[in-house]
Each structure stands twice: as C-alpha cells, then as structure tokens.
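Enquirer: I'd like to ask some things about the structure below.
What follows draws every value from the coordinates through simple rules; no lab data is involved. In this text the structure is predicted, and so the values were computed from the model without any measurement. Here Cβ is always computed from backbone atoms with ideal geometry, including for glycine, and neighbour counts include all displayed protein chains.
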Amino acid sequence: MEDVISKKSFRHYMYFLFGQQFSMLGSMIVGFVITWYMASNVIYLSISVFLMFLPQVLVTPFSGVISDRWNKKAIIAISDSMQAGLTFLLFIFFLMDLQNIVFILIINTFRAASYAFQLPAVQSLIPVMVPRDNLSRVNGMNFLSSGLIFSIGPMIAATLMAFIPKTEMIFLLDIVTFLIAMVPLLIIKIPKIPQTTEEAVKSSMFKDFKTGLLTIKMIPGLFAMIAFAMIWNFIHRPWAVLLPNFISETHGGTALDLALIMTSSQVGNILGSLITSLKKTWKHKIKINIIGAALFFACQIPAILAPRGNFVIMIISLFPAWVLFPITVSTYLAILQTVVSKDKMGRIMSIDHMISMAIAPIGALIAGPLAILLGIRFLFLIAAILGIIQPFIIWFFTKIRQLEVIEREIMMKPEEDEKLEEKAEEKVEEIPQPAEVVQVIEPIE
C-alpha cells in the first residue's frame, strides 16, 4: 500500500512541479524588467535587493513553522495569489505613468515577503511526496526545470522590451502564468504528516521554531553546513546584485547582452541539473559542496578581468560554474532532507533559508557603496578570492565532515533492515519441523 501511495504522491508532485514552472516564468520576466529599469544606478540595485532579502530573513522562520502546521496547498495558493495581485498593482502604476522608484521598491519587497511564505511549503513537499532514494534526482529535476525557465525568461523579457513599447503590458504575463499554475495545484493531493497530540494541541509556533533550532544543534555538522551556505551567499552578493550595472556601465552592454549572459548561465544550470537528475545517488556530498563552491568563484575571475565589451569570454568562463551550481545545491538539499525527520522538515528548511540568507541583505546593501568606493571590477575580484578560500576553512575547522557519516548511516539503514529480515526468514526455514504425530485410536469394545 505504501508503494502505491508513494507512486501516486510522486506523480502528483510532478504535476505540481509542472505548474510551478509557469508561475516562475512570469515572475522571472517581471524581475528582469524591473532589474533593467534600475540597472544604471548601483545604489538602487543594492537597495532593491536588500529589501527583497529582508522579508525572507524576517518572515521565513515563522513561515516554516506555518508550513508544518497548516495546509501546504492553501499556503502556496495564497502566496502565489498575492504575488500576482502585486504584479497587477505594478501594472496599474506603469499604466498611469507613476513609475516612482519608491513604489517599485515597495511592491518588490511585498512580492519577496509572499515568496518567503511560499518557499518552505514548496520545499517541504519534496520529502513528503518523493521516495527517499529519489531525493537527489528530484532536486536535480527541480534545477533542470528552473534552469529551463531562467534560461528562456531573460531572452523573452529582453525581446518583449525591444518590441513592446509599453512596459506595463509585459507585467500582464505574470497574471496569465499564475492562472495556469493554479490548475495543477488545485487538483493534487498532498499527504498529511501525522503529529503527536502534544504537538497538535499544546505547542506554540515559538516552541516549534525552537524545536527546529534544537534539531539543527543536535545533528553534528548541520549548523556548520548552513553557516557555509550563509557565507557563500554573502560573498556572492556583489556579483548577483551588480551584474546588470557591470554589463550596462562597465561593458557598455544592452538588455539583450545581459539576457545572453543570464541565458548561457542557465544553460549551464540545465546541464548540471541533467547530470543530477540522471545520477540517482551521490557519494561524498559534502566534498562535492566544498570543491564545487571554490570552483564556482574561480570561474568568475576570467569574466571579471574580461576586456570591455568582450561578452564571449564572460560566457565561456562562467559556464562551468553554473554547471556545478545545481549539483552542489541538490546534494546540499539531499543531505538536509535525509538527516532531518519529515515532520520537522518545514521549519528546518525555513531556518536553513533564514540563516543562509541572514547576512545576504547586508551584502546587498553595501555592494553599491563598495562598488563606488573600490570600483566594481576590483570588488568582484576580492569577493571571488574570498569565495575560493572560505570553503576549505569550513572543511578543516568545523564539524561539517560528520554529516557525511550520518547521512551514509541513514541511507544504509533500510538495506541493513532488509538483510536482517532475510536472515530471519532463512533461520525460520532452517528450524527442523516436528515429526508428524499419528494418533492411533483403538476401537472401544
């Protein structure tokens, strides 16, 4: 019965994943248009990304608890609806010629807050609806599908910007894609995770959040891995925030040039996701994360030093980095989904997202002023060198290596249980059966 339910749940998850790609495509197009609108000003870019990250840090811890306690389908539907409504509000502002940068920043902030409620619920569906031995593969499929969307999204956005003079009309695509994504969400069934009576009745949201923190503390190396992700996000922030300005101002590029670089990066993402999807299991997941993170930043250096307007060098050097990225992240998520129990997955995912993104808003906020002070190219170079060094510091000076042992033991446990059952059955067969007793009943005279 469990196998049947697992197959049905897995099929429903694939329906859900299919629908979410349309929603992601609409959001990607809107995000690209807004980013290019502010590309010429590094301060606007920094403030925009800071305000987008801030609600993720503040809201995500509680949204994870909510995703564990409330209806996941309702959370996803409501947050998706809010994002579509905010995009429609953005459409109204542009239609009425009210392209005030303050309005755009406020709407972007609320869109990010809605996404912060949605993300833990979406991520916590994977261990609930996907068999454990397919976790890495499904995480790879997620990156593959998102890579496809992020590769075509910028090109679609740049093309629409070139041929549609009214920007507000592009925003309506987000509404259409939202409606398409709602169809599979409404028809799927999400299995419920049973909770103890005490958790269901007496526990508070604060207690659940505290339980998540204690769970992270009790698993050796888990906090180190989450801190590793936090530092990685901070170091990567200048590149992620200021790339549009680097293309438009430093290299004199256009929206299409930025779209080409983003698309080529996502093609690398797709290739890495295909590798992850086709390979069922990965050994030494922590080592993959450490080496992959260092190589990611090493690939940025030729792109940073590329001559003005030479986008070919940038595309070629960045491509291997984006091949590695989905492999490292999918193995990272697979470790979390393996070592953490299912009933605590939502809150752990939210805490992981909160901690890993905790200093990202600060990195975004200071990226613009630092670019003005140091120069954007020199800032990128310093960040890349730090990004190469920090993974090895984490490896040698924390307990992160212990996670590989824990994950290996958990994955081996079902195999050991099967072997024990087989041995038990063999012993039962070896026990000599008692000889048949024939009762002779003498006739009574």
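Enquirer: I'd like to compare 258-267, 78-87: which one has the highest average count of other Cβ atoms within 10 Å, and what's the full order after that?
Expert: In descending order of packing, they fall as 258-267, 78-87.
Enquirer: When the chain is fully extended, how far beyond the present Cα-Cα distance does LYS217 get from PHE163, taking 0.36 nm per residue of separation?
Expert: Working it through step by step, the gained length comes to 14.1 nm.
Enquirer: Kindly provide the pair-distance distribution of the stretch 1-109 built from C-alpha pairs, with 5 Å bins from 0 and whole-percent values in order of increasing distance.
Expert: Going from the shortest bin to the longest, the percentages are 2, 9, 15, 19, 19, 13, 9, 6, 4, 2, 1, 0.
Enquirer: What fraction, in whole percent, of alpha-carbon pairs in the stretch 279-349 exceed 21 Å separation?
Expert: Tail of P(r) above 21 Å: 43 percent of Cα pairs.
Enquirer: Starting from the Cα-Cα distance between PHE103 and LYS189, subtract it from 0.36 nm times their residue separation and give me the gain in nm to one decimal.
Expert: Additional length available on full extension: 27.2 nm.
Enquirer: Separate question: What full-extension length gain, to one decimal in nm, is calculated for ALA227 and LEU256 as 0.36 nm per residue of separation minus the Cα-Cα distance?
Expert: 6.9 nm
Enquirer: With N set to the residue count of the stretch 235-331, report its C-alpha Rg divided by 2.2 N^0.38 Å to two decimal places.
Expert: 1.14
Enquirer: Give a residue-ordered list of calculated ³J(HN,Hα) values for the stretch 393-399 (Karplus: 6.51 cos²θ - 1.76 cosθ + 1.60, θ = phi - 60°; whole Hz; x for Gly, Pro).
Expert: So the Karplus estimates, Gly and Pro as x, are 5, 4, 5, 8, 10, 9, 8 Hz.
Enquirer: Using Stokes-Einstein with the Kirkwood hydrodynamic radius over Cα pairs, what translational diffusion coefficient do you get for the stretch 281-399 at 4 °C and a viscosity of 1.567 mPa s, in µm²/s rounded to a whole number?
Expert: Calculated translational D: 79 µm²/s.
Enquirer: Compute the convex hull volume of the Cα atoms of the stretch 84-138, divide it by the residue count, and report the result per residue in Å³ as a whole number.
Expert: Hull volume normalised by residue count: 92 Å³.
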